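Sharing a structure here in structure tokens format.
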Amino acid sequence: MNAIVSPTDRSDQSYVAELLDGEPALLTSLDFGPNVAQGIGDGPSLLIGDQSEIALLASAQVSRLDYRMALLAKPGDSVLVRRQVCEFEDYLADSLSQENVTYLHGRADDPRPVTLQARTSGTMLETLAQLADKSGGLTLKPYLTTGHSWRLAQTLGEATKCCIHVCGPSPRLTQRVNDKLWFGQFARRILGDHATPPTRAAYGSAAAAGLVSQIAKTSSQIIVKVPDSAGSAGNLHLEGATVRGKSLDDLRHFLLHRLRTFGWQDTYPILVGVWDENVRCGPSAQIWVPRFQDGPPVIEGIFEQHVQDSVAAFVGGARSTLPQVLQDRLSAEASRIAAILQRLGYFGRCSLDAVIFRTSDGADNIHWIECNGRWGGVSIPMTVADGLCEGQPAPAISVVQELHPDRQMQTKELLQRLSDLLLRVGHDKTGIVVMSPPEHDNGAHINLLSLSQTQVACDEILNEAMQRILN
């Protein structure tokens, strides 16, 4: 799609000034010394796939999804993961012709973010410093850019006196855009009050119970969210009928119990809102946001996310088949949001999630749900697919990302089951790409990308792959 953003209008520029005046750290928290810069340098990159800094995403420490970022590596790059899976690294070299990529492995028994592990490990820090010294610089490309990413860049810059680039937003802006409450207010200010489902912030358990009770009087579906989590973790979906029969005190205790089972630790505010009914699909706008001086943000594609269960957990996706007029509207609204984020200093990968729901008059409408200020389960395979198609948008792709708790599977077995379906660079233009090792402490985590010339063929290949895995 590659839609280009139009310039922000005067009201948008006024809103940018208002936000920066109220929270200067959106920009000032980019300052990590003279040897650190936002952007992408000319030298090699360090790709970091760790997700453990996302609230409530405890599974990040027991999965191997951090290997997904390795598929973005180019010759000379390094990849930092928590646990080593030699068979997967061999697969990337043999099937996807990955050459001259160095893997660094953290400690699986250390719960700290791997960027912090790297910064405090003399051996790993020395390896990275030598890489930066040899190349005259280094670019950090984290899955999620946080203060730990920037501090690792600062430590390397001070040690080597080379310029260390960080491919991502400032720590403060990362925190804000990934907060569903902040983003909801942001989207409504830009696009109008109907840009999101009705949502409110609750600053205590009694307030949350009161809001749930109030919403249940007029809505049949309610959602309670831990606003800084992701991937449906921390989402509590409630039926209005079950809520209406509870006293406020019972409802307060019920909410506390359910949220704490997610690992939530009584941090406020939490989000309470209406869960849209008559939902047609859940599209996402995949966006690349360059530095402001390098041009406007680009909408690289509209995808439809495949979800399951009552909290809409992500399990895959494919390019959108929505009518073009609706895709154009999604692109236009996402473009306006992205342009303002860029003015606030946002740089790097970003996606915006929405739902298409049918109104009482039968018309399709858009509600924006959240901003993913990071890489993700669609943007990584989309970028990988485009790279395999020599920089052109892949004709058709499908993605599956499913955890099967009742199964255990090693990388070697997965590759054997899919052997003749696997895409091999230099030989095939269609086939399956394994995005991460299936090993997971709580079952098998299947994460596949399917490429073909048509969406029908693409889905058929993926269905065949899943049948071989699950049967």
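The values are calculated or read from the model by the stated rules, or taken from the named source; none is laboratory data. The structure displayed is predicted, hence computed values, not measured ones. Cβ sites come from the backbone with ideal geometry, for glycine too, and all protein chains shown count toward neighbours.
Among the numbered criteria (1) touching a Cys at 6+ places or on another chain (Cβ under 8 Å); (2) part of a helix (DSSP H, G or I), which single criterion is violated by D386?
(1)
What pairs come out if I take residues in the range 172-187 that are charged (D, E, K, R) and pair them with residues that are part of a loop (DSSP other than H, G, I, E, B) whose C-beta lies under 8 Å away, six or more apart or interchain?
Note: pairs meeting the criteria are R172/E23; R172/S29; R176/E23; D179/P227; D179/D228; K180/P227; K180/D228.
Would you be able to tell me the number of residues in the range 360-386 that are small (G, A, S) and over 19 Å from the mean Cα position of the chain (by Cα)? If you could, list the steps in order and put the result at the bottom.
We begin by selecting, within the range 360-386, every residue small (G, A, S); these are 360, 362-363, 373, 376-377, 379, 385.
Next, from what is left, pick out any that are over 19 Å from the mean Cα position of the chain (by Cα): 360, 362-363.
Count: 3.
Only one residue in A363, A396, A339 is touching a strand residue (DSSP E or B) at 6+ places or on another chain (Cβ under 6 Å) and over 19 Å from I54 (Cβ atoms), so which one is that?
Answer to the check: A396.
Is it the case that S398 is surrounded by 17 or more Cβ atoms within 10 Å (Cβ to Cβ), in contact with a Cys (Cβ under 6 Å, 6 or more places away or on another chain) and either touching a residue at least 24 places away in the same chain (Cβ under 8 Å) or of a type in the set (A, V, I, L, M, F, W, C) (or both)?
Values: surrounded by 17 or more Cβ atoms within 10 Å (Cβ to Cβ): yes; in contact with a Cys (Cβ under 6 Å, 6 or more places away or on another chain): yes; either touching a residue at least 24 places away in the same chain (Cβ under 8 Å) or of a type in the set (A, V, I, L, M, F, W, C) (or both): yes.
Answer is yes for this residue.
Does I223 satisfy the condition of being closer than 29 Å to S320 by Cα, among the β-branched types (V, I, T) and in contact with a strand residue (DSSP E or B) (Cβ under 6 Å, 6 or more places away or on another chain)? Let's see the steps before the verdict.
Details: closer than 29 Å to S320 by Cα: yes; among the β-branched types (V, I, T): yes; in contact with a strand residue (DSSP E or B) (Cβ under 6 Å, 6 or more places away or on another chain): yes.
It is true that I223 is closer than 29 Å to S320 by Cα, among the β-branched types (V, I, T) and in contact with a strand residue (DSSP E or B) (Cβ under 6 Å, 6 or more places away or on another chain).
Can you tell me which residues in the range 203-236 are farther than 14 Å from I270 by Cβ and touching a residue at least 12 places away in the same chain (Cβ under 8 Å)?
Pass one, the range 203-236, residues farther than 14 Å from I270 by Cβ: 213-214, 216-221, 230-232.
Once the filter is applied, which keeps residues that are farther than 14 Å from I270 by Cβ and touching a residue at least 12 places away in the same chain (Cβ under 8 Å), the range 203-236 yields S213, A216, K217, S219, S220, Q221, A230, G231, S232.
Residue under question is S229, and the condition is that it be surrounded by fewer than 13 Cβ atoms within 10 Å (Cβ to Cβ), under 20 Å from G204 (Cα atoms) and small (G, A, S); does it hold? Write out each step before concluding.
Details: surrounded by fewer than 13 Cβ atoms within 10 Å (Cβ to Cβ): no; under 20 Å from G204 (Cα atoms): yes; small (G, A, S): yes.
Spelling it out, it is not the case that S229 is surrounded by fewer than 13 Cβ atoms within 10 Å (Cβ to Cβ), under 20 Å from G204 (Cα atoms) and small (G, A, S).
Which ones in the range 428-463 are in a loop (DSSP other than H, G, I, E, B) and closer than 17 Å to T321 by Cα?
As a first pass, look at the range 428-463 and keep what is in a loop (DSSP other than H, G, I, E, B): 428-430, 435-438, 441-442, 453-454.
Those that are in a loop (DSSP other than H, G, I, E, B) and closer than 17 Å to T321 by Cα: Q453, T454.
Suppose we filter P75, P142, P113 for residues that are under 30 Å from L414 (Cα atoms) and touching a Cys at 6+ places or on another chain (Cβ under 8 Å); which single one remains? Step through it out loud before you land on a result.
On the way: P75 fails: touching a Cys at 6+ places or on another chain (Cβ under 8 Å); P113 fails: touching a Cys at 6+ places or on another chain (Cβ under 8 Å).
Exactly one residue qualifies, and that residue is P142.
Now for a different question. Please find, within the range 232-269, the residue that is farthest from the chain's Cα centre (by Cα) out of those that are surrounded by fewer than 20 Cβ atoms within 10 Å (Cβ to Cβ) and among the polar types (S, T, N, Q).
If we take residues in the range 232-269 being surrounded by fewer than 20 Cβ atoms within 10 Å (Cβ to Cβ) and among the polar types (S, T, N, Q), then S247 is farthest from the chain's Cα centre (by Cα).
Do we find that V212 is under 21 Å from H237 (Cα atoms), surrounded by 20 or more Cβ atoms within 10 Å (Cβ to Cβ) and of a type in the set (A, V, I, L, M, F, W, C) in this structure?
Numbers: under 21 Å from H237 (Cα atoms): yes; surrounded by 20 or more Cβ atoms within 10 Å (Cβ to Cβ): yes; of a type in the set (A, V, I, L, M, F, W, C): yes.
Answer is yes for this residue.
Starting from residues that are part of a helix (DSSP H, G or I) and more than 18 Å from the chain's Cα centre (by Cα), keep the ones in the range 336-355 and report whichever is farthest from A17 (Cα to Cα).
Just the residues of the range 336-355 that are part of a helix (DSSP H, G or I), to begin with: 336-343.
Imposing the further condition that a residue be more than 18 Å from the chain's Cα centre (by Cα) reduces the set to 336, 339-340, 343.
Values: R336: 16, A339: 14, I340: 10, R343: 9 Å.
Looking at residues that are part of a helix (DSSP H, G or I) and more than 18 Å from the chain's Cα centre (by Cα), I get R336.
Can I ask one more? Out of (1) among the hydrophobic types (A, V, I, L, M, F, W, C); (2) buried (at least 19 other Cβ atoms within 10 Å of the Cβ); (3) touching a residue at least 60 places away in the same chain (Cβ under 8 Å), what's the single condition that is false for L152?
Among (1) among the hydrophobic types (A, V, I, L, M, F, W, C); (2) buried (at least 19 other Cβ atoms within 10 Å of the Cβ); (3) touching a residue at least 60 places away in the same chain (Cβ under 8 Å), the lone unmet condition for L152 is (3).
Every residue in the range 7-26 that is part of a loop (DSSP other than H, G, I, E, B) and either free of Cβ contacts under 8 Å to residues at least 24 places away in the same chain or within 21 Å of Q293 (Cβ to Cβ) (or both), please. Please lay out each step first, then the result.
First pass over the range 7-26, keeping only residues part of a loop (DSSP other than H, G, I, E, B): 7-9, 23-24.
Selection gives P7, T8, D9, P24.
How many residues does the range 254-302 hold that are under 30 Å from S205 (Cβ atoms), among the polar types (S, T, N, Q) and either at pLDDT 95 or above or not assigned by TED's automatic domain parsing to the domain that holds R244 (or both)?
Taking the range 254-302 first, the residues under 30 Å from S205 (Cβ atoms) are 254-277, 279, 282.
Narrowing further to those that are among the polar types (S, T, N, Q): 261, 265, 267.
When the remaining residues are screened for being either at pLDDT 95 or above or not assigned by TED's automatic domain parsing to the domain that holds R244 (or both), the result is none.
Summing the residues that are under 30 Å from S205 (Cβ atoms), among the polar types (S, T, N, Q) and either at pLDDT 95 or above or not assigned by TED's automatic domain parsing to the domain that holds R244 (or both) in the range 254-302 gives 0.
OK, next. Out of the residues in the range 95-105 that are under 21 Å from L128 (Cβ atoms) and out of contact with any strand residue (DSSP E or B) (no Cβ under 7 Å at 6 or more places or on another chain), state the one that is surrounded by the most Cβ atoms within 10 Å (Cβ to Cβ). Even if it seems obvious, please write down each step before you answer.
Of all residues in the range 95-105, those under 21 Å from L128 (Cβ atoms) come to 98-105.
Okay, now just the ones that are also out of contact with any strand residue (DSSP E or B) (no Cβ under 7 Å at 6 or more places or on another chain), so 98-100.
Working: Q98: 20, E99: 11, N100: 11.
Step by step, filter the range 95-105, then rank; the result is Q98.
I'm told P381 meets every condition in (1) within 23 Å of N442 (Cβ to Cβ); (2) without any contact (Cβ under 8 Å) to a residue 60 or more places away in the chain; (3) not aromatic (F, W, Y) except one. Can you identify the failing condition by its number?
The failed condition is (2).
For the range 356-378, give me each residue that is modelled with pLDDT of 95 or more and either of a type in the set (V, I, T) or in a loop (DSSP other than H, G, I, E, B) (or both).
Residues satisfying the conditions are I356, I366, I369, G373, R374, W375.
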